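First comes the structure, then the notes that go with it.
The values are calculated or read from the model by the stated rules, or taken from the named source; none is laboratory data. Since this is a predicted model, take the numbers as computed values, not measurements. Note that we place each Cβ from the backbone using ideal geometry, even for glycine, and neighbour counts take in every protein chain shown. Surface accessibility is based on the protein's heavy atoms, side chains included, excluding ligands, DNA and RNA. Shrake-Rupley method; radii C 1.70, N 1.55, O 1.52, S 1.80 Å.
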Amino acid sequence: MSHNTFGHLFRVTTFGESHGPALGCIVDGCPPGLSLTEADIQPYLDKRRPGQSKYTTQRQEMDEVKILSGTFEGKTTGTPIGLLIENTDQRSKDYGDIKDKFRPGHADYTYDAKYGFRDYRGGGRSSARETAMRVAAGAVARKVLGDGIVIRGGLIRMGDLAVPTDVRDWDAVDQNPFFAPDAVTAEKFASYLDGIRKSGSSVGAVIEVIASGVPAGWGAPIYGKLDSELASAMMSINAVKGVEIGAGMDVARLTGEENADEMRMVDGKPVFTSNNNGGVLGGISSGQDVVVRFSVKPTSSILTPRSTIDKNGNETEISTKGRHDPCVGIRAVPIGEAMMACVLADQFLRHRGQCG
């Protein structure tokens with residue numbers, strides 16, 4: 001299996017499967033001299049960790065990260081940083097009844113079609129369990145970016161319920177189990193998802209990630225566009241089916257006058273009166289907040305029987321037992337933040353390499 005690496009100067013390679021002994025990643029290209037310990041990484045992993053509420057999978061993984069290489073006396077050395085998380089709560093027997101069946105909406109069929117066999121235990125490499133290492137790498141990326149760049153994410157839609165567009169209370173994100181930037185909407189999410197969860201079904205979500213403090217000039221005009229690489233990074237997250245930058249799909253409903261992010265000079269600095277372009281113009285950051293949203297489909301593993309086929313071509317039904325997220329979008333919030341951090345760290349190093 002190829003394509004397990006992303007990034008250019010800040011490069012991340014992940015390895016491991018859902019029910020394997022461990023997950024790991026190599027972060028290559030991190031500059032030397034940055035302060036980095038496990039304690040810098042663990043809080044982000046704790047945010048993504050399963051089993052923290054009744055609204056996520058009850059698989060109990062502590063996700064304790066170990067730094068294997070690339071640091072000395074609490075500082076990065078400039079050499080590859082090796083990170084490892086051990087799997088401790090696999091229950092492979094949960095998948096014994098469906099090992100020959102393809103789950104609708106999951107990657108079972110396509111993996112089998114490509115490789116000729118698949119790891120049916122939790123989806124193997126196609127499982128969102130892999131994203132734990134992206135979150136760990138994202139913590140390293142934040143060190144590269146420094147404290148001047150703040151990355152915040154929140155779940156802004158679940159099914160038909162949404163946080164109002166004019167409400168973004170980022171202090172509320174860590175105060176509710178949905179990472180919703182609005183306490184009132186979070187309460188609505190709770191009662192709504194309770195019904196979904198008890199019925200054995202699942203529901204999709206939309207996550208918004210905003211990076212503040214990104215200076216103007218990062219990115220490239222053609223093939224290294226900041227927004228195209230952000231879109232690619234977010235789309236690489238498991239179950240993501242749509243990505244938009246700034247106003248996104250809504251720009252199709254705007255006129256040129258409405259969409260134009262007009263500029264003024266305030267205290268000798270350029271200021272934009274709106275941010276329909278999500279902080280990116282011509283593939284290059286404008287100095288405004290970089291705004292990305294992505295949609296996550298409903299979890300494919302549900303209790304409701306669905307029609308499918310088995311690996312021998314026989315028509316059958318499938319009902320997936322085990323421990324699954326009724327809304328996988330909840331734990332996608334820290335993953336989206338991590339991917340934003342990794343892309344920005346890579347773009348920062350590339351900009352520095354070209355422009356000094």
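Values for this structure:
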item: Extension gain, Thr255 back to Ser191 (0.36 nm per residue minus Cα-Cα distance, nm); result: 19.2 nm
item: Among Ala332, Pro215, Ala239 the positive-end extreme of the charge dipole of the chain (Cβ point charges); result: Ala239
item: 1.4 Å probe accessible area per residue over segment 317-356, in Å²; result: 32 Å²
item: Summed side-chain charge close to Val292 - residues other than Val292 whose Cβ falls under 9 Å, Lys, Arg +1, Asp, Glu -1; result: -2
item: Charge dipole of the chain about the Cα centre (unit charges at C-beta), most positive-ward option of Ser286, Leu230, Phe117; result: Phe117
item: Ranked by how many other beta carbons lie within 10 Å on average, peptides 337-347, 31-41, 223-233 from highest; result: 337-347, 223-233, 31-41
item: Sequence-distant lysines (8 or more away, or on other chains) whose Cα lies within less than 30 Å of Lys188; result: Lys47, Lys54, Lys198, Lys241, Lys297, Lys321
item: Low-density loop positions, trypsin sites (Lys or Arg not before Pro), segment 117-162 - DSSP coil, at most 14 other Cβ in 10 Å; result: none
item: Tilt relative to the chain, helix 226-235 - C-alpha long axis, 0 to 90 degrees, to 10; result: 10 degrees
item: Whole-number percent relative contact order across the chain, with pairs defined as alpha carbons under 8 Å at least 6 apart; result: 22 percent
item: Modelled FRET efficiency - R0 22 Å, Ser319 with Asp112, Cβ distances, 0.05 increments; result: 0.65
item: Accessible area, probe 1.4 Å, largest first, for residues Arg49, Arg168, Arg253, Arg103; result: Arg253, Arg168, Arg49, Arg103
item: Accessible area of segment 91-229 belonging to carbon and sulfur atoms, whole % at 1.4 Å probe; result: 51 percent
item: His8/Asp267 FRET efficiency (R0 30 Å; Cβ-Cβ; nearest 0.05); result: 0.25
item: Dipole of the chain [Lys/Arg +1, Asp/Glu -1 at C-beta], most positive-end residue of Asn276, Gly33, Gly16; result: Gly16
item: Gyration tensor over alpha-carbon atoms, segment 171-297, equivalent ellipsoid semi-axes in Å; result: 32, 18, 14
item: Accessible area of segment 253-296 belonging to carbon and sulfur atoms, whole % at 1.4 Å probe; result: 52 percent
item: Top of Ala260, Ala137, Ala220 by mean-square fluctuation, Gaussian network on the chain, Cα under 10 Å; result: Ala260
item: 0 to 90° range, to nearest 10: angle between helix 131-145 axis and the chain longest Cα axis; result: 10 degrees
item: Net charge of neighbours whose Cβ lies under 13 Å from the Cβ of Val163, counting Lys and Arg as +1 and Asp and Glu as -1; result: -2
item: Assigned charges on the beta-carbon of Lys, Arg, Asp, Glu; the chain dipole about Cα centre (debye); result: 860 debye
item: Percentage relative contact order, segment 214-356, counting C-alpha pairs under 8 Å, at least six apart; result: 29 percent
